[in-house]
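Novice: What follows is a structure written as structure tokens; I'll ask about it next.
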Amino acid sequence: MKKTAKIIFSLVVLVTVFSVAIMPQARANVLLDGLTKTVEGTDLSNGTTGINLPIVIGKIIQIFLSFLGVIAVIIIIYAGFLWMTAGGDSGKIEKAKSYIKNAVIGVVIILTSYIITSYVIEQVSKTIKA
């Protein structure tokens, strides 16, 4: 049974790592597309670049927070694996519970930060457009 659990855990980790490797590239493509559209609509004759630095910084922060969210999910999966393979050892179970508790607190903090960042980006972009 332990061998099957290790194989399943390995597959989950492999899929997660593969997703982490692809997700930042996809987010970077979205960011670059947004930057390209911003630059295309500019008038370079008056010396303006058209890149809104606060919005770009906000998007980079959102990408970073997304990456942290993926790491938190990996920690939860790892803690679940520890719990399932504890074999009744109360020390390992408590360790897994503390991992899960801390990861959930981290997810709440990351989600809150992401929401605040999205709100600030929206307000800044409204101010810049006005």
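The values are calculated or read from the model by the stated rules, or taken from the named source; none is laboratory data. Note that the structure is predicted; figures quoted are calculated from it, not measured. Positions of Cβ are backbone-derived with ideal geometry, glycine not excepted, and every protein chain shown enters the neighbour counts.
Novice: Can we say Ser125 is more than 30 Å from Thr4 (Cβ to Cβ) and at pLDDT below 85?
Specialist: yes
Novice: With respect to Ile93, is the statement that it is in a helix (DSSP H, G or I) and in contact (Cβ under 8 Å) with a residue 24 or more places away in the chain true? I'd like the intermediate steps shown before the answer.
Specialist: Working: in a helix (DSSP H, G or I): yes; in contact (Cβ under 8 Å) with a residue 24 or more places away in the chain: no.
No.
Novice: For the stretch 81-102, give me the residue count where each residue is closer than 29 Å to Ile60 by Cβ and surrounded by fewer than 16 Cβ atoms within 10 Å (Cβ to Cβ). Before you say what the answer is, go through the steps one by one.
Specialist: Kept after step one, since they are closer than 29 Å to Ile60 by Cβ, are these residues of the stretch 81-102: 99, 102.
Then drop every residue that is not surrounded by fewer than 16 Cβ atoms within 10 Å (Cβ to Cβ), which leaves 102.
Of the residues in the stretch 81-102, 1 are closer than 29 Å to Ile60 by Cβ and surrounded by fewer than 16 Cβ atoms within 10 Å (Cβ to Cβ).
Novice: If the requirement is being assigned to a helix (DSSP H, G or I), crowded, with 17+ Cβ neighbours inside 10 Å and not polar (S, T, N, Q), which of these qualifies: Ile105, Ile121? Break it down into steps so the answer makes sense when it comes.
Specialist: Working: Ile105 fails: crowded, with 17+ Cβ neighbours inside 10 Å.
Answer to the selection: Ile121.
Novice: Another question, if that's okay. Being at pLDDT 75 or above, assigned to a loop (DSSP other than H, G, I, E, B) and more than 13 Å from the chain's Cα centre (by Cα): is that true of Ala86 here? Give the steps one after another, and end with the answer.
Specialist: On the way: at pLDDT 75 or above: yes; assigned to a loop (DSSP other than H, G, I, E, B): yes; more than 13 Å from the chain's Cα centre (by Cα): yes.
Taking the combined requirement at face value, the residue satisfies it.
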